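Every read-out reported here was derived from the displayed coordinates using simple, explicitly stated rules and does not represent laboratory data. Remember, predicted model here, so these are calculated numbers, not experimental data. Cβ atoms come from the backbone with ideal geometry, glycine included; neighbour counts cover every protein chain shown.
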Amino acid sequence: MVRDRSTYTGLPRSRINWFPRIDKSKCKPQECGFHCLNFCPFKVFSRVDGVAVVAQPYECNVGDESCRFQCPFGAISFPTREELRKTLRSLREELNSNAK
Ligand code: SF4
């Protein structure tokens with residue numbers, strides 16, 4: 001079954017900036033064998049010109065940062081939980097006020 005990833009709890013996924021960032025200065029794909037690409041089942045990462053990139057950020061599961069712990073060089077980061085909570089709260093408020 002293909003999951004609809006365009007929304008998250010009724011909120012537009014494209015407005016939720018939860019996805020991994022790669023610190024290029026720490027990323028060493030030749031040493032890890034592109035581990036993040038192999039780990040992520042949602043194809044968030046891609047290999048472009050020999051480097052790892054976040055090609056499909058909105059395919060990432062909101063709140064899931066498991067790939068961060070897979071990177072042997074600490075090159076992957078995410079927004080904080082508090083930043084995520086703030087984003088979700090403000091989107092809900094915006095949608096609720098638009099519905100009135
Ligand atoms: S696992 Fe880490 S070091 Fe390896 S390609 Fe991904 S971000 Fe780069």
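For the range 46-61, does any single residue satisfy the condition of being more than 10 Å from the chain's Cα centre (by Cα) and of a type in the set (D, E, K, R)? Yes, the range 46-61 contains at least one residue that is more than 10 Å from the chain's Cα centre (by Cα) and of a type in the set (D, E, K, R). Within the bounds of the range 39-56, is there any residue that is over 14 Å from R21 (Cα atoms) and of a type in the set (V, I, T)? The answer is yes; a qualifying residue exists. Can you list residue pairs whose Cβ atoms sit under 6 Å apart, with the first residue in the range 24-48 being touching a residue at least 40 places away in the same chain (Cβ under 8 Å) and the second being part of a helix (DSSP H, G or I)? Count only pairs 6 or more apart in sequence or on different chains. As it stands, the answer is C36/C67, since those pairs meet every condition given.
Only one of the listed residues (R3, R13) is out of contact with any strand residue (DSSP E or B) (no Cβ under 9 Å at 6 or more places or on another chain) and either away from the ligand (no atom under 15 Å from the Cβ) or of a type in the set (G, A, S) (or both). That residue is R3.
Residues that are touching a Pro at 6+ places or on another chain (Cβ under 7 Å) and within 11 Å of the ligand (Cβ to nearest atom): does the range 37-45 have at least one? Yes, that holds for at least one residue. Evaluate the range 69-92: report whether one residue or more is under 22 Å from L11 (Cα atoms), within 16 Å of the ligand (Cβ to nearest atom) and surrounded by fewer than 15 Cβ atoms within 10 Å (Cβ to Cβ). No; the residues of the range 69-92 include none that is under 22 Å from L11 (Cα atoms), within 16 Å of the ligand (Cβ to nearest atom) and surrounded by fewer than 15 Cβ atoms within 10 Å (Cβ to Cβ).
For (1) part of a loop (DSSP other than H, G, I, E, B); (2) surrounded by fewer than 15 Cβ atoms within 10 Å (Cβ to Cβ); (3) at positive phi; (4) acidic (D, E), each residue gets a yes or a no:
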| site | (1), (2), (3), (4) |
| --- | --- |
| R3 | yes, yes, no, no |
| N17 | yes, yes, no, no |
| S25 | yes, yes, no, no |
| E31 | no, yes, no, yes |
| P41 | yes, yes, no, no |
| R47 | no, yes, no, no |
| V62 | yes, no, no, no |
